[in-house]
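Since the structure comes first, as C-alpha cells, the remarks are kept for the end.
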Number of protein chains: 2
Amino acid sequence: MRTHYCSHVRETDLDTVVTVAGWVDRRRDHGGVVFIDLRDRSGIVQAVLDPQDLPVASSLRSEYVIEMTGLVKSRPADSVNSRLATGQIEIKVQALTVLNPAKTPPFTIADAAEVDEKLRLVYRYLDLRRANLRENLRLRHEIVKLIRRYLEDELEFIEIETPILTKATPEGARDYLVPSRVNPGQWYALPQSPQIYKQILMVAGFDRYYQIARCFRDEDLRADRQPEFTQLDMEMSFMDQESIMALNEGLVRHLFQKVQGTTLPNPLPRLTYQEAMDRYGSDKPDTRFGLELLDMGEFFQGTKFKVFASVLSGGGVVKCLAIGGGDEKISNTRIKPGGDLFNLVAQFGAKGLAFIRVRGTEQEIQLDTIGALKDSLSADQISQLIQLTGVKPGDLLLFGAGPRAVVNEYLGRLRLALGAELGVIDESQTNLLWVTDFPMFQFNAEEKRLEALHHPFTAPHPEDLADLKTARAQAYDLVWNGVELGGGSVRIHQRAIQEQVFTAIGLTPEVAQTQFGFLLEAFEYGAPPHGGIAYGLDRMVMLFAGAASIREVMAFPKTQKAQDLMSEAPSTVTPQQLAELHVRQVTK
Amino acid sequence: MRTHYCSHVRETDLDTVVTVAGWVDRRRDHGGVVFIDLRDRSGIVQAVLDPQDLPVASSLRSEYVIEMTGLVKSRPADSVNSRLATGQIEIKVQALTVLNPAKTPPFTIADAAEVDEKLRLVYRYLDLRRANLRENLRLRHEIVKLIRRYLEDELEFIEIETPILTKATPEGARDYLVPSRVNPGQWYALPQSPQIYKQILMVAGFDRYYQIARCFRDEDLRADRQPEFTQLDMEMSFMDQESIMALNEGLVRHLFQKVQGTTLPNPLPRLTYQEAMDRYGSDKPDTRFGLELLDMGEFFQGTKFKVFASVLSGGGVVKCLAIGGGDEKISNTRIKPGGDLFNLVAQFGAKGLAFIRVRGTEQEIQLDTIGALKDSLSADQISQLIQLTGVKPGDLLLFGAGPRAVVNEYLGRLRLALGAELGVIDESQTNLLWVTDFPMFQFNAEEKRLEALHHPFTAPHPEDLADLKTARAQAYDLVWNGVELGGGSVRIHQRAIQEQVFTAIGLTPEVAQTQFGFLLEAFEYGAPPHGGIAYGLDRMVMLFAGAASIREVMAFPKTQKAQDLMSEAPSTVTPQQLAELHVRQVTK
C-alpha cells in the first residue's frame, strides 16, 4: 500500500523504497526511458521507468490510475525543478500496477481552465483534478476549520443543527418548496437562513450558537448566485451591538491573519449607512480609492442653471464625480445616449449625465460644457466650483441630478466602473469596514409598502422608537473591498416591538400570527436580548482564493438555470411519485 | 455587561463584584430576604436579595430574564449545596435589571421531562432549557468536534460540502422532491446520502473526504426515525477493506476514550454476516448476553417428529433458544396463539413456537411438551438433546422451524425480548463489533427481484466475481450493543462490474444510463479504488447520551407525522406559489 503522498517524497527519503499512487499527469517517452509525472491530491512527483524491465510503462496514458514502488534518487543536476516541492528527487520505479485505466479525457487537466465551463461542469470530476480547484476546496476547508476552532475554543460557541425542512414564509426571496406526502396539501420550505431557529435557540438559553448552514433561494439567478449556498451563521445572547461587533472583529482579524497574513486595523473603520450612501453611493463602499460623490446642491442652488435648480427645489440632489484626467479619457460619445457610461447609469434610473470638461491652464481655467450650464455660471462661481471639486485642467466633472437615492445609486455604480477603468483601485489593500445605522425600512415602490432593509427581526435603535418608519436599525454589515462579507443585527426580543415592525411592513395581525405566532409567543416566555450575524461563506472563500466566481470554490455548483450538468438534476419523475405527493404537473 | 456565566462563579471570586445574567429558575421568599436561583447555559448560581433595597425582587417570577450585579460571598455553613458547582457561594445582589419578563410557562422547566412530549415540542424553546436536553446538545457538539478534529488532524481528511438539491433516483427509500420553477416539469430530490457525490470526489482525486451530512428520507416514520437526519459520511481512496476498517477503529477508539473513558479492545471483534445471523438471528447482534440460536437440524433429522422432519427435508431449519429458568418465567399462555411471545414472533413470520419444558432433577430429567414431540424422542435422544442445548431442570427450550432467514429473524427478535425481560444483558458492557461478509443481494419477495443489501455501489468480494448473485460484498457494519452505529463498503470503481450489479438488481441498461450514466462514465476516466462508511450521528449521540430517543439529541425534531409542532411546518402555501412551480394540488 501507499507509503507517501506524491508531493511528500523528499530528499530525506533518498535511497529508501516508497510506494505512491495516483493519476498519470504526464508521460514522456525518451527512447530508452519513460518519465511519469504522478499526481495525487498533494501534488506531483516524477518517476523514471525502464520500459525494458516494465513493459507496461509504454502503455500508460494520461489519467490512468497507477500504483508504483521504487527507490528515491536525486535527479541529475540538469533536471532539478525548483518550482516543484519534489523537484530535487525522482522515483526509480521497480514495480507498477495499473489500478484502473482511463479513456482519453475530453480535455487535459492542466489546460482545463481554458475549456468552456459547461463542458467542465459536465465532467466536474475531471475539472476538480486541476490544482486550482483542488486548492480552492482545500482553502475552503481551512477557512471553515479556522472559523470553527476560533468560535469553539476562544469564544465557547456551540454548533447546533437547525432543520432543512422548515415552514414557508412569505417575506424575502422565493422559497424552494417540498410537498409533504403524509400531510396532503401541505408543504415544507427549504430555509433561506436559520434566522428564526437561531433566535429560538437564544430563547432556549444556548447563549452562543453557530452553524455552517446550508441556505436556499429560488431566485432568477444573477451573475454569481447559487440556488443553495452556505453561510457562517452566528447568534449570541446578552450582548449589545458594540460587543457583537467587537467579537466579530476578533474572528475576522484571526481569519485574515491566518489565511493571508494580514493584520487588520483594530478597531475596524466604520461608516454609517448615510455616510456610505452620500460619499460612495453604496452601502458596501469600496474605499480603496477616492472618487467620492460630491454634493453640489448648495452650489447649484445659487446658480441660474434651471435643470439643476428645478431638481433641487423639488427636493432632489445634484452630485458629481470629479475624474482626474477624465477630459481625455472619457469622450462625449460615452456619456451621451447610446454610450456605455450613459447606458450604465440609465440602467439605474439616470436620465442623463451632465458634464463639465476642465481645460486651459491652472492660471486660466476654461470650462467646456453645454451652453446652458456654461452661461449660468459667473466667473466667481467657476472659481468656487474649481475649489469645491478640486479639479484642475484635464479633469472631468460628471453630474447627476434627481432623487437622492437614485442619484447615489447610479453615481455609485459609475464610480466603481470608472475606478476599475482608470486603474485607481489599490489592489494591494485589504480594506475592511463596518457600515452601521441602516434604516429599518425601505420603500418598495412596486408593492407600495415599506419593507425591512435587513429582515423584520432587526431591532430599531432605542432612540428611534418614537417613529419606527424612519428609525435606524441596530444593524451592521461588514464590507471587504466593496463586497458584503457579512451582515447582522441586534434582534427584537419583545413581542410588542416585533408586532409594530410587522405592522409597519404591512403584515396584518392575522398573517403575523399564522407565520410567526410561535416566535411572538416565544418572546413572552423569557427571551434574552440577542443579536447575530451571517457571513456568506462561498463569497468569503472566493475572495480569499482570488477566484473569479463562487462556482470555483464549491465542489458541485449549479448553472444559472439551476442545473447540475453532471448528474442532470433536476429531472423528470414518474406520475406515480407525484400522485403520492398529492400533486399534478401543470403543462402549458 | 455579564462578567461570568452563572456556574462559573467560584470561591476564588469571593468578595469581588460579578455580573451574571440569565433566567429565574426559582425564587424563594424568606420574609425579609429573597433567594433567586439564576440559570444560564452553564448551570445555576444562587443570589440573595434584600427586597427593601431592591423592591423589584418581589416581582420576579420563573423564567424572567434578568441581569444582576453583586458581591460574591460564602454561603452560611447550613446552606452549602455540595451538588452544585456553585454550592459554596452566593451573590449578594446590589443591582438588578429585568431584561424581559415572562408569562407563566405551560410547564415548569425542572419538571418538563414529565410533560406530554407533544406539548414540549410546541414549546421546544422551553423544553430545551432543561439541563438534560441542554447537555445532550452540548454532548452532540463535543462528539462532532472530536470527530472533526481526529479526522482533520490525525488523518488529513478534508471536509467537502455536497449538494442538497440533487437528482432523484429510484433505488432505496422514497425521496423528498422539490419542483424546479425555472425548469418546468423537472424536480430535484433531497439526498438520502451523499453516496454518489462522495464517490465522484474520489474520482476527482480528493483522496479522503468527510462531511457531517444532512440526509433525507420520506418514510412512513417508524418509532425513532426522522425525515431529516445527520450522518458522519466518509470516503477514502487507495485503501482496501482491512485498512478502512483499521482507520475507523482508530476513530471509534478515540471517540469512546474521550467521550466515556472506555478503552475498546484492539482490534475490535468481528462476526461474519452468516455467523451473526446463525447465532444471533440478527446482522446487528447484541453480544452482551448469550441466549444464542442453536441449530437443531442435525438432531431432529434423526427423530421421528414429523413437523420438524418435513421442514428439514424441505430445506428449512429447526433452531432453538435455551432459556435458563424459563420453565417458571414463561407460561404456556405467552407462547400459544394470542400470547405476547407468540405475537412477537408471528409478526416476523413464525407460525408458532414449539416448546420443551425441562423438569425433574439432574439425575432424572423430565420433559414437558406436546405429546407428538415427546413421543418421538428416545431416551438416548433426550440425553443428547440435554447435552446439545446445555439445559437443566427449570429451563425452557423454544423452537422455531421454517425457512432459515425467517427463523433467524423471529428467533433473533425473541432472543432480544427475552434477554431484556430476563435481565441477562450486562448493561455495563460497551460491546462493539464488526459484521462483515454481507451478501451482495437479498431477494425482495414483493418485487420479485434481487436488491442490494447495502446499496448497488458496494463491491463484491474479488473471489466471488464468478457468480455475483451469490457473492459476498466487501461491506462492513459496526455494531454497538446491538445497534448499528455505522456501515460501509469498498465501492465498485470499474464500469463493467457496476453494470453487472445494475443488471443483477434488474435495472435495464437504459435506466442505468439515465440514472447513473455520469457515474459509469466517471469510472472510465481514472477512478481509484475507494471505499467508505457512514455513521448515524443522531443515533450515536443518543447512545452516548443514554437518551431514550433521537428526538432528545436534536434541537428541532419532527413528530412521527413529520411535523414541526413549534413552527407548524409543513403548512399550506398559496395557489400562486404552486402555479409558479408548475404544479397543482390534487384534492381527493
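The values are calculated or read from the model by the stated rules, or taken from the named source; none is laboratory data. All of these numbers come straight from a predicted model, not from anything done at the bench. Methodologically, a virtual Cβ is constructed for each residue, glycine included, from the backbone with ideal geometry; neighbour enumeration extends over all protein chains shown. Heavy atoms of the whole protein, side chains included, go into the accessibility calculation; ligands, DNA and RNA do not. Shrake-Rupley method; radii C 1.70, N 1.55, O 1.52, S 1.80 Å.
Does A:Gln211 count as in contact with a Lys or Arg (Cβ under 9 Å, 6 or more places away or on another chain), surrounded by 21 or more Cβ atoms within 10 Å (Cβ to Cβ), part of a loop (DSSP other than H, G, I, E, B) and touching a residue at least 12 places away in the same chain (Cβ under 8 Å)?
no
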note = Wholly inside segment B:310-413, helices (runs of 4 or more DSSP H) that include 3 or more residues that are open to solvent by 40 Å² or more (accessible area, probe 1.4 Å) are B:332-335, B:340-347, B:371-376, B:379-389
request  = Mind listing just one residue for me: the one in segment B:108-117 that is more than 22 Å from the chain's Cα centre (by Cα) and away from chain A (no Cβ under 11 Å) and, of those, nearest to B:Arg39 (Cα to Cα)?
outcome  = B:Ala110
message = I need every pair where a residue in segment B:253-282 that is free of Cβ contacts under 8 Å to residues at least 12 places away in the same chain has its Cβ under 9 Å from the Cβ of a residue that is among the β-branched types (Val, Ile, Thr) and open to solvent by less than 30 Å² (accessible area, probe 1.4 Å), sequence separation at least 6 or different chains.
response = B:Glu275/B:Val435
request  = Could you tell me which residue of segment B:482-499 is farthest from the other protein chains (Cβ to nearest Cβ), considering only residues that are crowded, with 17+ Cβ neighbours inside 10 Å and more than 22 Å from B:Met239 (Cα to Cα)?
outcome  = B:Gly482
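Yes/no per residue for (1) part of a strand (DSSP E or B); (2) in contact (Cβ under 8 Å) with a residue 24 or more places away in the chain:
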site: A:Glu484; (1), (2): yes, yes
site: A:Val490; (1), (2): yes, yes
site: A:Thr514; (1), (2): no, no
site: A:Leu520; (1), (2): no, yes
task = Kindly state which helices (runs of 4 or more DSSP H) lie completely within segment A:118-203 and contain at least 3 residues that are within 23 Å of the chain's Cα centre (by Cα) and within 7 Å of chain B (Cβ to nearest Cβ).
result = A:131-149
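Taking the condition of being part of a strand (DSSP E or B) and under 20 Å from B:Gly526 (Cα atoms), how many residues in segment A:88-117 meet it?
Start the filter on segment A:88-117 by keeping residues that are part of a strand (DSSP E or B), which leaves A:89-100, A:102.
Remaining after also requiring under 20 Å from B:Gly526 (Cα atoms): A:95-100, A:102.
Summing the residues that are part of a strand (DSSP E or B) and under 20 Å from B:Gly526 (Cα atoms) in segment A:88-117 gives 7.
Pick from A:Ala77, A:Ala85, A:Ala57: which is in contact with a helix residue (DSSP H, G or I) (Cβ under 9 Å, 6 or more places away or on another chain), more than 14 Å from B:Ala204 (Cα to Cα) and more than 11 Å from chain B (Cβ to nearest Cβ)?
Within the list A:Ala77, A:Ala85, A:Ala57, the selection yields A:Ala85.
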request  = Identify the residue in segment B:223-233 that is charged (D, E, K, R) and open to solvent by less than 20 Å² (accessible area, probe 1.4 Å) and, among all such residues, is nearest to B:Met554 (Cα to Cα).
outcome  = B:Glu228
query = Out of all the residues in segment B:540-588, which are in contact with a Leu (Cβ under 9 Å, 6 or more places away or on another chain) and part of a helix (DSSP H, G or I)?
reply = B:Met540, B:Val541, B:Leu543, B:Phe544, B:Ala545, B:Arg551, B:Glu552, B:Val553, B:Gln577, B:Leu578
task = Only one of these is without any contact (Cβ under 8 Å) to a residue 40 or more places away in the chain, within 29 Å of A:His454 (Cβ to Cβ), open to solvent by 10 Å² or more (accessible area, probe 1.4 Å) and among the charged types (D, E, K, R): A:Arg140, A:Arg149, A:Arg130. Name it.
result = A:Arg149
ask   = Which one of the conditions (1) touching a strand residue (DSSP E or B) at 6+ places or on another chain (Cβ under 8 Å); (2) farther than 28 Å from A:Thr572 by Cα; (3) surrounded by fewer than 23 Cβ atoms within 10 Å (Cβ to Cβ) does B:Gly250 fail to meet, given that it meets all the rest?
value = (1)
Residue satisfying all of: in segment B:536-553; under 8 Å from the mean Cα position of the chain (by Cα) and of a type in the set (D, E, K, R); most open to solvent (accessible area, probe 1.4 Å) among these = B:Arg539
message = Just to be sure I understand, how many residues within segment B:292-306 are open to solvent by 30 Å² or more (accessible area, probe 1.4 Å) and out of contact with any Phe, Trp or Tyr (no Cβ under 9 Å at 6 or more places or on another chain)?
response = 6
message = Every residue in segment B:423-441 that is out of contact with any Leu (no Cβ under 8 Å at 6 or more places or on another chain) and farther than 23 Å from B:Asn248 by Cα, please.
response = B:Gly423, B:Ile425, B:Asp426, B:Glu427, B:Ser428
request  = Taking A:Asp220 as the residue in question, decide whether it is surrounded by fewer than 22 Cβ atoms within 10 Å (Cβ to Cβ), over 18 Å from the mean Cα position of the chain (by Cα) and within 8 Å of chain B (Cβ to nearest Cβ).
outcome  = no
request  = Go through segment B:500-540 and give me each residue that's more than 11 Å from every other protein chain (Cβ to nearest Cβ) and either in contact with a Phe, Trp or Tyr (Cβ under 6 Å, 6 or more places away or on another chain) or closer than 30 Å to B:Ile147 by Cα (or both).
outcome  = B:Ala512, B:Gly531, B:Gly532, B:Ile533, B:Ala534, B:Tyr535, B:Gly536, B:Arg539, B:Met540
note = When every residue in segment A:556-588 that is open to solvent by 50 Å² or more (accessible area, probe 1.4 Å) and in contact (Cβ under 8 Å) with a residue 12 or more places away in the chain is compared, the one farthest from A:Leu221 (Cα to Cα) is A:Glu580
